[in-house]
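See structure below.
Nothing in this text is a laboratory measurement; each read-out follows from the coordinates by a stated rule. Owing to the predicted nature of the structure, the values given are computational and were not obtained by experimental measurement. We place every Cβ from the backbone using ideal geometry, glycine too, and count neighbours over all the protein chains shown.
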Amino acid sequence: MKQTATVKNANPLDEAMLEDIATGLSQAQKVLPCKYFYNDTGSKLFEEITQLDEYYITRAELAILDLHIEEIQQRLQNLTAIIEPGSGAGIKIQKLLSACSNIEQFILLEISPEILNASAKTIQEKFPTLNVRSLIGDFTNEALILKLIKEERLNQTPNLIFFPGSTIGNFSSEKVPEILNTFKKLSGNNGKILIGFDLIKDKERLIAAYSDSKGITAQFNKNILLRINDELNADFDVNSGFSHLAIYNESKARIEMHLASTRDQSVTFADKTFHFAKGETIHTESSHKYSIDSFSKLAKNANLNIEDYWMDPEKQFALLLLVQE
């Protein structure tokens, strides 16, 4: 029987946006939460980034799925549903769904309504008998996730939480176990988590991936300021007031994206004024890199064990299958 994708708005995001932005810009090291990259424009720019020559991550992860899909499928035979937080364009999930005939339901959880609706429509068209459900919301909001688990009865089945693309690298080592613990609850009894992360490698390759020659990553980074201008009536000089900066923080094994102020300036919104000195930066994103061992220790802090893992032939990226202790 052909199914129709359903969409439910679980969390109107902009309620907290002003507070998040104002708090971040009030700190000594100004920061902006990277989740605000992903409005419609930001999501489309990120999809462009995944196609760039310098951005190896997507190609490496797709290679893992192509080479090891049968092994992965064997590990998922007891599951009937897949939940993908931060589902994005949904390209990788299609490989998984094609291989796993046991999956009856696919649930997308995404922050951008536009990309969510487009992805849900694509998945439903390609898998017409699959029960596709869409939830708009922020997977980092534990209270929201617990509410969804209760209201949508998401823990009534053993679920696979599919979290590809190295998004877990955006969070600090203190935050990762919290995210994994939320995913563990979302997976239900005897559920599993299939998660991707970027492996530690030479910094030149890393910096190139986050500062591409076409300037798409710079557009993506600056788009967060455009969004603040549009949605919070701020007056950032996006074109000439800030420049894109990607650096490798070796002590923390992470790439950092910043927006550097090109001059002394002030920005105003919501009756608040924020001052920037020339060269001062806004830290917009971190992308932590791990070894199998270092990530397994973080998983242990959430009472999760590695059941299996796979790497691409060049050992640039890893997919880990986590199970509850």
task: For the range 46-132, give the magnitude of the charge dipole about the Cα centre (Cβ charges: +1 Lys/Arg, -1 Asp/Glu; no others), in debye to the nearest 20.
output: 300
field: Computed lengthening from Gln27 to Asn117, 0.36 nm per intervening residue step minus Cα-Cα distance
entry: 28.9 nm
- request: Return Arg153, Arg133 ranked ascending by Cβ neighbour count within 10 Å, so the fewest neighbours appear first.
  value: Arg153, Arg133
- prompt: Picking from Ser251, Leu321, Ala302, whose Cα lies most toward the positive end of the charge dipole for the range 242-323 (charges on Cβ: Lys, Arg +1; Asp, Glu -1)?
  reply: Ser251
message: Given an 8 Å cut-off on Cα distances and at least 6 residues of separation, report the relative contact order of the chain as a percent.
response: 21
Using θ = phi - 60° and Karplus 6.51 cos²θ - 1.76 cosθ + 1.60, couplings along the range 172-187 (whole Hz; Gly, Pro as x): 5, 4, 6, 7, 4, x, 5, 4, 5, 5, 5, 4, 4, 5, 5, 6
Environment charge at Thr122 (Cβ cut-off 14 Å; Lys +1, Arg +1, Asp -1, Glu -1): -1
- prompt: Just for the Cα atoms in the range 232-325, what are the lengths along the principal axes, largest first, rounded to whole Å?
  reply: 51, 30, 22
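What value does the range 38-176 have for Rg/Rh, both radii from Cα atoms and Rh as Kirkwood defines it?
Details: Rg = 15.0 Å, Rh = 15.9 Å.
Across the range 38-176, the Cα-based Rg/Rh ratio is 0.94.
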- request: Report the percentage of all Cα-Cα pairs in the range 120-246 whose separation exceeds 21 Å, rounded to a whole percent.
  value: 61
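What does DSSP give for the chain in terms of the percent of beta bridges that are antiparallel, rounded to the nearest 5?
So the antiparallel bridges amount to about 60 percent of the total.
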- line: Which of Lys203, Lys315, Lys272 fluctuates most in a GNM of the chain (C-alpha springs under 10 Å)? That residue is Lys272
- prompt: Measuring from label point to label point, each 7 Å out along Cα→Cβ, what is the Ser243 to Asp308 span in nm?
  reply: 4.9
statement: Scalar couplings 3J(HN,Hα) for the range 266-277 by Karplus 6.51 cos²θ - 1.76 cosθ + 1.60 (θ = phi - 60°), nearest whole Hz, x for Gly and Pro, are 10, 10, 10, 7, 6, 6, 10, 10, 10, 9, 10, 7
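Tell me, in nm to one decimal, what length is gained between Ser173 and Ser213 on full extension, where the rule is 0.36 nm per residue of separation less the Cα-Cα distance?
Values: separation 40, 0.36 × 40 = 14.40 nm, distance 3.03 nm.
Extra length available between Ser173 and Ser213 comes to 11.4 nm.
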- prompt: For the range 135-192, what is the per residue volume of the convex hull drawn over the alpha-carbon atoms, in cubic angstrom?
  reply: 84
- request: First measure r as the distance between the Cβ atoms of Glu204 and Asp66, then evaluate 1/(1 + (r/R0)^6) with R0 = 25 Å and state the FRET efficiency to the nearest 0.05.
  value: 0.40
Under-5 Å amide H pairs with Gly165, H placed in peptide plane, nonlocal only: Gly196
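Assuming 0.36 nm per residue, please report the length gained on full extension of the stretch Asn190 to Asp20 beyond their Cα-Cα distance.
Details: separation 170, 0.36 × 170 = 61.20 nm, distance 3.55 nm.
The span from Asn190 to Asp20 would gain 57.6 nm if fully extended.
For the chain, go through all pairs of different Cα atoms, get the mean of 1/r, take its inverse, and jot down that Kirkwood value in Å.
Details: mean 1/r = 0.0489 Å⁻¹.
Across the chain, the inverse of the average 1/r is 20.5 Å.
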